[in-house]
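Working notes, beginning with the structure itself.
The values are calculated or read from the model by the stated rules, or taken from the named source; none is laboratory data. All of these numbers come straight from a predicted model, not from anything done at the bench. A quick note on method: Cβ atoms are made from the backbone with ideal geometry, for glycine too, and the neighbour counts reach across all protein chains shown.
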Amino acid sequence: MKLTLKILRWGLMIFLGAEIILHIYNPFIRKNAADKIELHPNRNYGMRNIAASNNLVQDITLSTNSLGFRGSEPDDKLKNRIICMGGSTTECPYLTNGQDWPALLLTALQKKDKNIWLNNAGVNGLKSSQYLKFFKTNILPLKPRAIILMSGLDDISFPMEVEKPREDISIFEKAYNFLEIPKTIAVFLHGNRIQRPQDAIYHRYLDLETSITLEMTDSAILQRIAREQPMVELYKNNLQQLADACKANNIKLILVSQAILFGDEKDVISNIDLGTLKTGDINGKAKSLLLKQYNKTSFDIAEKNNLKFVNVSARLPKDASFFYDGYHFTNDGAAFVSEIIYDEVKDLVTK
């Protein structure tokens, strides 16, 4: 009995000691606790692609450096530093190393300027309310020359209730969120999973032929857009704060509009009506009109602050071969996006 108590006492002491150390510094999870941003440095994920289709590689590898970003380690010799920032459409978590659009953009830019170091700092679900702190904590110390921000999609409140604090969180979930050891163990146990489907927008293959449709009246769509306006205004304020911070630190901010497959038109290959497809609690037409509010806001901020605006949304065709789930790019889509951005920024970010 005494031996058991002694083992339990020592086990508890070791657990508490490890918790204290990991709370101070956890090398396996880089996080912004206030905004719930978690980065996983020095990870090498290998997985069978759960969103696989003919346009995606079945077995993919996603690697991160010591910063928790996709790309090479910072190199003091490469002074022309560029950071691509945004959510999962920047991160491209279901595209293997080198096929995400920031990696393809780097390859193209290096043909003009060998002094470029570029990293993909896309974080799944990154919202504009997190931009400024993420910039100050994770981006500014790298002293980048430019930031290329693809944004808007993650700020759409679908539905708006997801923005409200949960009241039904269990004591076990609260404990998991507070403790470091369980989260660290989870990183190792699930290292072969890039992200949980419930944490993503969709990340599952969209078959247009079998997709569910949803009819919405113009009145219902207009009401949904009206409910979104407070969130659009918040996005505008957050984006302006980031623009101000970049200006204060002599960093070029390049804004990129968000492109999705859905819209009030037909797919160029299948001729299927993309506006009537059900996506979340609304249809494709409503979702595209909501996103246009955010893209227009990005354009307005760019005009106001004399920033470069790259309108990917206008230039990327409504072609299902470019999106595997209606939101995230296939290999072909990422390649097209990198070409669009390259054409617009090559003379701004190269020497």
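Overview of results
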quantity	calculated
Lone qualifier among L253, L289 - being surrounded by 16 or more Cβ atoms within 10 Å (Cβ to Cβ) and touching a Cys at 6+ places or on another chain (Cβ under 6 Å)	L253
Residue in the stretch 67-79 that is at pLDDT 95 or above, at negative phi and either touching a His at 6+ places or on another chain (Cβ under 6 Å) or among the aliphatic types (A, V, I, L, M) (or both) present	yes
Residues satisfying the stated conditions in the stretch 243-276, i.e. more than 19 Å from the chain's Cα centre (by Cα) and among the polar types (S, T, N, Q)	N249, N250, S270, N271, T276
Among the residues listed as L104, L118, the single one being touching a helix residue (DSSP H, G or I) at 6+ places or on another chain (Cβ under 7 Å), within 22 Å of F323 (Cβ to Cβ) and of a type outside the set (V, I, T)	L104
Flag if L255 is modelled with pLDDT of 95 or more, farther than 16 Å from L149 by Cα and not in a helix (DSSP H, G or I)	no
Top-ranked residue in the stretch 301-323 [being surrounded by 15 or more Cβ atoms within 10 Å (Cβ to Cβ) and charged (D, E, K, R); ranked as farthest from L274 (Cα to Cα)]	K308
Residue selected from the stretch 223-244 under the condition aliphatic (A, V, I, L, M) and surrounded by 13 or more Cβ atoms within 10 Å (Cβ to Cβ), by the criterion nearest to L274 (Cα to Cα)	I225
The stretch 324-350, residues that are over 23 Å from K308 (Cα atoms) and either among the β-branched types (V, I, T) or surrounded by fewer than 23 Cβ atoms within 10 Å (Cβ to Cβ) (or both)	D325, G326, T330, N331, D332
Scan of the stretch 258-273 for residues that are part of a strand (DSSP E or B) and surrounded by 23 or more Cβ atoms within 10 Å (Cβ to Cβ), ordered by number	none
Count - residues of the stretch 208-219 that are free of Cβ contacts under 8 Å to residues at least 40 places away in the same chain and either surrounded by 13 or more Cβ atoms within 10 Å (Cβ to Cβ) or under 21 Å from T330 (Cβ atoms) (or both)	1
Residues (out of contact with any Lys or Arg (no Cβ under 7 Å at 6 or more places or on another chain), among the aliphatic types (A, V, I, L, M) and over 24 Å from D154 (Cβ atoms)) located in the stretch 68-126	L78, A108, I116
Extreme residue, nearest to E209 (Cα to Cα), among residues of the stretch 277-300 that are more than 21 Å from the chain's Cα centre (by Cα) and in a helix (DSSP H, G or I)	K285
